[in-house]
1. Tell me, what is the FRET efficiency for ALA42 and ASP75 to the nearest 0.05, using R0 = 41 angstrom and their Cβ-Cβ distance as r?
2. Assuming 0.36 nm per residue, please report the length gained on full extension of the stretch ASN66 to LEU95 beyond their Cα-Cα distance.
Amino acid sequence: MSAPMTKSQMAFELPHLSYIDTRWEEPAVQPAVEPVRERGFASWIAARVAAYRTWRQNVRARAELNRMTERELFDVGLNRGDLERMFDDRFNRDLLERSRTI
């Protein structure tokens with residue numbers, strides 16, 4: 001005996017994986033756009049707010065990666081030694097240079 005199933009019960013939906021971001025692995029996917037430099041106090045404040053938001057986003061991402069188990073990190077192609085390198089531009093200069101040439 002089989003139970004009736006609806007079409008929605010057979011649908012497959014990918015999970016929302018917040019810990020995978022192509023900007024960290026492949027900057028060439030989204031080349032960096034040089035912003036037009038504006039002058040003045042408002043643009044200075046806007047730049048500081050943007051820098052703060054980026055910093056907070058990196059802190060949240062680092063915390064989420066640190067909470068992952070070794071197996072979960074392995075599943076996304078990382079290990080504990082990669083975590084600091086991901087957020088330090090000194091280790092990513094080659095990737096940053098490649099993104100500027102595209």
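1. For R0 = 41 Å, the calculated efficiency reads 0.40.
2. Working: separation 29, 0.36 × 29 = 10.44 nm, distance 2.30 nm.
Answer, rounded to one decimal: 8.1 nm.
Here, each number is a calculation from the coordinates, and none is a lab measurement. Keep in mind the model is a prediction, meaning the values are calculated, not measured. Don't worry about glycine lacking a Cβ; one is built from the backbone with ideal geometry, like all the others, and counts go over all protein chains shown.
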